[in-house]
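K.L.:
Take a look at this one; I'll ask things after.
The values are calculated or read from the model by the stated rules, or taken from the named source; none is laboratory data. Computed from a predicted model, the values in this text were never measured in an experiment. When we count neighbours, we look across all protein chains shown, and the Cβ atoms used for this are built from the backbone with ideal geometry, even at glycine. We work out accessible area using only protein heavy atoms, side chains counted, and drop any ligands, DNA or RNA first. Shrake-Rupley method; radii C 1.70, N 1.55, O 1.52, S 1.80 Å.
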Amino acid sequence: MQDSVTVAIDAAVEDVWALVSDVTRIGEFSPETFEAEWLDGATGPAEGVRFRGHVNRNDSGLKYWSECVITECVESEVFAFAVVAAGRKLNNWKYELRPVDGGTEVTESFRLEPTLPNKLYWRAMGRWRGETNRRGMRATLDAMRAALEA
């Protein structure tokens, strides 16, 4: 019910941070989330800040908004948020940054909350959804790398 992908980017950690923590830019990179917006008057990341993402699930045409709350926000180190519904966390996403040899190693990960519905979903669809998430994380990080290295 969790996985991660790591990519090395030839860019300063501050530049990578500015990109991964600006949710309004995710539509430029993600194969599923095509736009996002800050909520409650927020204009940038901080723990507890809410935003919502507009998702095209599996590129299937099923489009919906997902509310998210930032759960961890340490500049140039970690940006994490939970997807929530009815006040409950469903899924957790995280970007972890680490300076390496003049660039930045970025790990994107997801972890489903261990609720009974998530456990049943993962048992039925986990292999397929896990592969979809890995491809999506890889595509997102590769697109970010291309933008930052251009």
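K.L.:
If amide hydrogens are placed 1.01 Å from N in the peptide plane, which non-local residues have theirs closer than 5 Å to the one on Val84?
P.N.:
Counting only residues 5 or more places away or on other chains, the set is Glu67, Cys68, Val69, Leu90.
K.L.:
Each residue of region 92-98 in order: what ³J(HN,Hα) in whole Hz does its phi give by Karplus 6.51 cos²θ - 1.76 cosθ + 1.60, θ = phi - 60°, with x for Gly and Pro?
P.N.:
Taking θ as phi minus 60°, the curve returns 10, 10, 8, 10, 10, 10, 9 Hz for region 92-98.
K.L.:
Can I ask one more? Just want the answer: with Cβ charges of +1 for Lys and Arg and -1 for Asp and Glu, which residue in Ser21, Gly102, Leu148 is farthest toward the dipole's positive end in the chain?
P.N.:
Of the candidates, Ser21 comes out farthest on the positive side.
K.L.:
Would you mind checking which residues have amide H under 5 Å from Ile9's amide H? H placed 1.01 Å from N; only 5 or more apart, or other chain.
P.N.:
Amide H neighbours of Ile9: Thr104, Glu105, Val106.
K.L.:
Now for a different question. What accessible area per residue comes out for the chain, rounded to a whole number of Å², with a 1.4 Å probe?
P.N.:
With all protein chains present, the chain gives 55 Å² per residue.
K.L.:
Once phi is turned into θ = phi - 60°, what whole-Hz ³J(HN,Hα) does the Karplus curve with 6.51, -1.76 and 1.60 give for every residue of region 132-146, x standing for Gly and Pro?
P.N.:
Result, ordered by residue: 4, 5, 4, 4, x, 5, 4, 4, 4, 5, 5, 5, 5, 4, 4 Hz.
K.L.:
Give me the percent of accessible area attributable to carbon and sulfur for region 43-150, probe 1.4 angstrom.
P.N.:
Carbon-and-sulfur percentage of accessible area, whole number: 51.
K.L.:
Could I ask something else about it? Measure off 7 Å from each Cα along the Cα-to-Cβ vector at Ala143 and Trp65, then give the distance between these two points in nanometres to one decimal.
P.N.:
Once both label points are built, they end up 2.1 nm from each other.
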